[in-house]
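Presented below is the structure to which this report refers.
The values are calculated or read from the model by the stated rules, or taken from the named source; none is laboratory data. Being a predicted model, the structure only gives us computed values, none of them experimental. Here the Cβ positions follow ideal geometry from the backbone for every residue, glycine too, while neighbour counts run over all protein chains shown.
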Amino acid sequence: MTAPALQASALDALLSPLYWFLELWSALLSWVGEATGLGLLQYGFMHRAILVGLCVGIIAPLIGTFLVHRQLALIGDALAHTAFAGVAVGLFLNAVVDLGVSPYLTAVVVAMIAALLIELISETTDAYNDVSMAIVLSTGFALGTTLISINAGGLTVSVDQYLFGNLSTVTTQSAAILLVLFAVVVGVVAVTRNQLLYVTFDETAAEVSGLSVSWYNRIMVMLTALVVVGAMQIMGVILVAAMLVVPVAGAAQVSRSFTESLLVSVVLAELAVLLGIAISYYAGATAGGVVVLVAVGIYALAVVAGKIQTAVGEEATPEMGSIDAGEGRSPSGGQIASDDAD
Amino acid sequence: MTDDAVVDLADVAFGYTATPVVEEISLRVESGEYVAIVGPNGSGKSTLMKLMLGLLRPDSGTARLFAEPAHEFDEGSRLGYVAQHASASKEMPITVREVVKMGRFPHVGFGRLSESDWERVDEALDTVGMTAFANRRVTQLSGGQRQRAFIARALASEADLLVLDEPTVGVDAESVDAFYELLNSLNEQGITVLLIEHDLSAVTNHAERVICLNKQIYFDGPTDEFVDSDALARAFGTAAGIVGGGR
């Protein structure tokens, strides 16, 4: 057995419980397909694509919520382009030294390194500036295109699937890798949700309260790198950042609390993914583009809903103010509670 | 005596570049004091605050917080920090209760808030008179209401040092008075208050002690003496005419 084959089989052995889960999932969707007569559920690749889409619909807005509210919406785009360089590195190594490694794994590694670099640059210059972000973005993409062009003869796969995403090229292995990324992202956010929220909302107060802001920033950008690589399979490098931003922006229009905005952004993202995949299947269009267009449509509806909500809320405001003025229960005197009407 | 001090700076100097922003700073803040730090724009007030809280390390001299080197101090729950949030326009969807809840984060770490944690949150909301606004989105509040939410966060963390960096910037005049009433009553309950202010009228009306800063300390003493002294004119230069002209 050759070295690359050994590596591949070692990875497959690691992922084997997930392969078993994927089979189960596929059987379930086949059954749903037969019961409902939905044509798109008769293909195995579609089962995997839908699962990847559902996972992306959770992890992208989950991380995106923290990014958007820190005004870091563009970091996803920058990391997606460096992930493309990672894909190119993987394809290059496979062609030159026959490494047999999934380009998605090399993309994870390169995107994580780029994420740390962006974070370290911002720590030393004391700001996330769009100039350094733009430099990282174009460097990543330039490196990717250069590696692919000098190696064009040895490539058996088109890079289109990485640039634009492709439902039909979601292999069992890449779906299993996505499941691992999903577990890591959800697990880390579940554990550090308090800290990430504090750092996102009020960095200085978080630091005063004893949190290591720079460590949580590093965790944040590395999770972003994982999400970007995971979502790249169906969204493509160019559109992947939209899933981090658009559902979150929509949710912010209609949500009152942070928890609510997290849940709403996941619901909006899942809606966009499922509708987008279905429409793209029946219309024969690229899934990534359709998913983003649906997401933007949902965002537009959320803006309208938010405006209506605010208008209704404004009518209720004087009532709230008078309740506060009458029922101030501060131990230090009612005058504290009865000030500042809006 | 040294061990009682909440803040203890000895001959502290600090500069972001070779030029010092503050120098020759020696001061002590005892538990239960209500101290205001005033000075013109760019006088190093916020830098001094960061040195006191251990967010910056002095280039020379020592900064101690609750008798520990300030940068090593890790009981974050004892510190409450309120910044100029009223003027910041964060569009993040978050309710007043969720903001106050953050005060419990240093206590719970990676865990969930227990029932008693939530009780502390509700008590803090009650103390600042914001119970009726608990489920309101912070962006919908007036500047004064928002600042009271941030005070409540410090109360929920059971902080015994409250540091406020120009908290009333962008808050309407009527709310400012009520805001200082609240600070007074919290100080009477034993919380040490450290107020960084640009608005001199607020300081002279409320604080017990004034530290007047412009790179160095120009005055440190009781508020009455500060009003009579010429420290203001020396520290502020020609800008001294703004006394009483609060925003």
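Contact annotation: residue pairs with Cβ atoms under 6 Å, 6 or more positions apart or on different chains, pairing a residue in segment B:200-215 that is surrounded by 23 or more Cβ atoms within 10 Å (Cβ to Cβ) with a partner that is polar (S, T, N, Q), are B:Ala207/B:Thr223; B:Val210/B:Thr223; B:Leu213/B:Ser43. Filter segment B:1-23 for residues that are touching a Pro at 6+ places or on another chain (Cβ under 7 Å) and surrounded by 22 or more Cβ atoms within 10 Å (Cβ to Cβ) and give the result. Listed by number, the list holds a single entry, B:Val12.
What is the residue count in segment B:8-33 for residues that are closer than 17 Å to B:Val210 by Cβ and out of contact with any Lys or Arg (no Cβ under 7 Å at 6 or more places or on another chain)? Of the residues in that region, 8 qualify.
Only residues that are out of contact with any Leu (no Cβ under 8 Å at 6 or more places or on another chain) and among the β-branched types (Val, Ile, Thr) were counted across segment B:188-240, and they come to 5.
Checking each residue in segment B:1-30 for being hydrophobic (A, V, I, L, M, F, W, C) and modelled with pLDDT of 90 or more picks out B:Val6, B:Val7, B:Leu9, B:Ala10, B:Val12, B:Ala13, B:Phe14, B:Val21, B:Val22, B:Ile25, B:Leu27, B:Val29.
Conditions tested, residue by residue: (1) more than 21 Å from the chain's Cα centre (by Cα); (2) within 14 Å of another protein chain (Cβ to nearest Cβ); (3) assigned to a helix (DSSP H, G or I).
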position: A:Ser26; (1), (2), (3): yes, no, yes
position: A:Leu40; (1), (2), (3): yes, no, yes
position: A:Phe45; (1), (2), (3): yes, no, yes
position: A:Cys55; (1), (2), (3): no, no, yes
position: A:Pro61; (1), (2), (3): no, yes, yes
position: A:Leu67; (1), (2), (3): no, yes, yes
position: A:Ala73; (1), (2), (3): no, yes, no
position: A:Val87; (1), (2), (3): no, no, yes
position: A:Leu91; (1), (2), (3): yes, no, yes
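If the condition is being loosely packed, with under 15 Cβ neighbours inside 10 Å and under 16 Å from A:Leu244 (Cβ atoms), then segment A:297-310 contributes no residue at all. For segment B:24-31, the count of residues that are surrounded by fewer than 23 Cβ atoms within 10 Å (Cβ to Cβ), of a type in the set (A, V, I, L, M, F, W, C) and assigned to a strand (DSSP E or B) is at least one.
So in segment A:256-266, with the set limited to residues that are surrounded by 17 or more Cβ atoms within 10 Å (Cβ to Cβ) and out of contact with any Lys or Arg (no Cβ under 8 Å at 6 or more places or on another chain), which one is farthest from the other protein chains (Cβ to nearest Cβ)? Don't jump to the end; show me each part of the working.
Here is the first cut: in segment A:256-266, the residues surrounded by 17 or more Cβ atoms within 10 Å (Cβ to Cβ) are A:256-258, A:260-262, A:264-266.
Okay, now just the ones that are also out of contact with any Lys or Arg (no Cβ under 8 Å at 6 or more places or on another chain), so A:258, A:260-262, A:264-266.
Details: A:Phe258: 4, A:Glu260: 7, A:Ser261: 4, A:Leu262: 9, A:Val264: 9, A:Ser265: 10, A:Val266: 14 Å.
Within segment A:256-266, the match that is farthest from the other protein chains (Cβ to nearest Cβ) is A:Val266.
B:Asp8 meets each of the listed conditions (1) more than 14 Å from B:Met52 (Cβ to Cβ); (2) within 19 Å of the chain's Cα centre (by Cα) apart from (1). Show the residue pairs that are 6+ apart or on different chains and have beta-carbon atoms under 6 Å apart, the first residue being within segment A:206-219 and over 23 Å from A:Ile75 (Cα atoms), the second being not in a helix (DSSP H, G or I). Qualifying pairs under 6 Å: A:Val208/B:Leu79; A:Val208/B:Tyr81; A:Gly210/B:Asp74. Consider A:Gln309 carefully, then state whether it is within 13 Å of chain B (Cβ to nearest Cβ), in contact with a helix residue (DSSP H, G or I) (Cβ under 8 Å, 6 or more places away or on another chain) and part of a helix (DSSP H, G or I). Criteria met by A:Gln309.
In segment B:142-152, of all residues being at the interface with another protein chain (Cβ under 7 Å from one of its Cβ atoms) and surrounded by 24 or more Cβ atoms within 10 Å (Cβ to Cβ), the one that is farthest from A:Phe258 (Cα to Cα) corresponds to B:Gly144. Criterion applied to A:Ile238, A:Ile234 was being under 20 Å from the mean Cα position of the chain (by Cα) and surrounded by 21 or more Cβ atoms within 10 Å (Cβ to Cβ), and the one residue passing it is A:Ile234.
Among the numbered conditions (1) modelled with pLDDT under 90; (2) surrounded by fewer than 23 Cβ atoms within 10 Å (Cβ to Cβ); (3) more than 30 Å from A:Gly44 (Cα to Cα), the only one that A:Asp340 does not meet is (2). Among the residues of segment A:275-293, the ones that are touching a Leu at 6+ places or on another chain (Cβ under 6 Å) and aliphatic (A, V, I, L, M) come to 2 in all. Looking only at segment B:159-183, residues that are farther than 23 Å from B:Met102 by Cα, facing another protein chain (nearest Cβ under 8 Å) and not in a loop (DSSP other than H, G, I, E, B) come to 5 in all.
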